[in-house]
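Remarks on the structure that follows.
Derivation of every value follows stated rules applied to the coordinates shown; laboratory data play no part. Since the model is a prediction, treat every value here as computed from it, not as a measurement. Note: ideal-geometry Cβ built from the backbone for every residue, glycine included; neighbour counts use all protein chains shown.
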Amino acid sequence: MTIFTNLPISLQTILLLLASNVFMTFAWYGHLRNMATAPWYAAALVSWGIASMEYMFQVPANRIGHTQFSVGQLKIMQEVITLSVFVPFAIFYLKEPFKLDYLWAALCMVGAVYFIFRNA
């Protein structure tokens, strides 16, 4: 991931986690739309292929990020990014209705960010 080396570590980490989460979300949920009639094992094989790309971003994100962040901070950062990727994916790609529960979950994540980063 040498294209990111001139960026601050925090931004490198966030961008890599963002890319990782896009692949993860498609691996975990994309088959619900694209392979709804396929056997589960076919969807699992396709999902594994997509998930392998997720790891190509996730592993460097955590290695780079761990030079500046604790494991707990990396985990909360990943969860916030996951929710930020998942909600638009669910609404625009899977055509799920928006729910206020997404907002409440996001507010809980704000609390998690506060507590995990407050002494940083």
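Of all residues in region 1-57, those that are of a type in the set (S, T, N, Q), out of contact with any Asp or Glu (no Cβ under 6 Å at 6 or more places or on another chain) and assigned to a helix (DSSP H, G or I) total 9. Within the bounds of region 68-89, is there any residue that is among the hydrophobic types (A, V, I, L, M, F, W, C), closer than 19 Å to Phe26 by Cβ and free of Cβ contacts under 8 Å to residues at least 12 places away in the same chain? No, that holds for no residue. Restricting the first member to region 21-50 and to residues that are more than 23 Å from Pro88 (Cβ to Cβ), and the second to residues that are assigned to a loop (DSSP other than H, G, I, E, B), the beta-carbon pairs closer than 7 Å and six or more apart or on different chains are Ala42/Met35. On the given criteria, is Ala61 over 27 Å from Tyr114 (Cα atoms), in a helix (DSSP H, G or I) and in contact with a helix residue (DSSP H, G or I) (Cβ under 7 Å, 6 or more places away or on another chain)? For Ala61, the condition - over 27 Å from Tyr114 (Cα atoms), in a helix (DSSP H, G or I) and in contact with a helix residue (DSSP H, G or I) (Cβ under 7 Å, 6 or more places away or on another chain) - is not met. For region 23-38, a residue qualifies if it is of a type in the set (A, V, I, L, M) and crowded, with 18+ Cβ neighbours inside 10 Å, and the qualifying residues are Met24, Ala27.
Taking region 94-120 as the range and being of a type in the set (A, V, I, L, M) and in a helix (DSSP H, G or I) as the test, the residues that pass are Leu100, Leu103, Ala105, Ala106, Leu107, Met109, Val110, Ala112, Val113, Ile116. Filtered by the rule that a residue be closer than 19 Å to Leu32 by Cβ and exposed (fewer than 14 other Cβ atoms within 10 Å of the Cβ), region 97-120 gives Pro97, Phe98, Lys99, Asp101.
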